[in-house]
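Every number in this text was worked out from the coordinates using simple rules, so none of it is lab data. Here the structure is a predicted model, which means the values were calculated and not measured. All Cβ positions, even for glycine, are placed from backbone atoms using ideal geometry, and neighbour counts span all protein chains on display.
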C-alpha cells in the first residue's frame with residue numbers, strides 16, 4: 001500500500017514539472033534564448049521525475065529496478081514506455097545537454113528536446129496519469 005501511495009505522490013511532482021515543460025514546448029517559437037535555456041532545465045528535472053516516478057510505479061508492482069538504466073529497461077519490458085532507445089538516449093545525453101554555453105551544443109540540445117524527447121515524456125505522463 002505504501003508503495004502505491006509513494007508513486008502517486010511522486011506523480012504529483014512529475015505532473016507539475018511536465019505541465020511547465022509542456023507549456024514551454026507549446027510556446028517554443030515565442031521563446032527568447034534565455035527562455036530556451038530554461039526549457040533545457042525544465043527538460044532535465046522533468047526527465048528526472050519521469051524515471052523516478054516510473055521506478056516507484058514499478059516498485060508498487062513488485063518489480064525491482066533501482067538505477068535509471070534498469071528502470072528504463074524494466075519500463076520498456078512491461079510496456080510502460082514505447083521507445084526504450086529514446087529513453088536510454090535521454091539518460092545518456094542529459095548531462096551533455098546541460099552544457100549550453102556552446103552555441104552549437106545549445107542548438108543541438110533544443111532540437112533533441114523538442115523533436116525527440118518531448119513525445120516520449122508525454123507518453124509516460126499520459127500513461128501514469130491514467131493509472132492514478
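A few notes on this one:
- Filtering the range 21-44 to residues that are closer than 16 Å to residue 122 by Cβ, free of Cβ contacts under 8 Å to residues at least 40 places away in the same chain and surrounded by 14 or more Cβ atoms within 10 Å (Cβ to Cβ) leaves 24, 42.
- Number of residues in the range 84-132 that are part of a loop (DSSP other than H, G, I, E, B) and exposed (fewer than 14 other Cβ atoms within 10 Å of the Cβ): the value is 4.
- Of all the listed residues (64, 48), the sole one being at negative phi and assigned to a helix (DSSP H, G or I) is 48.
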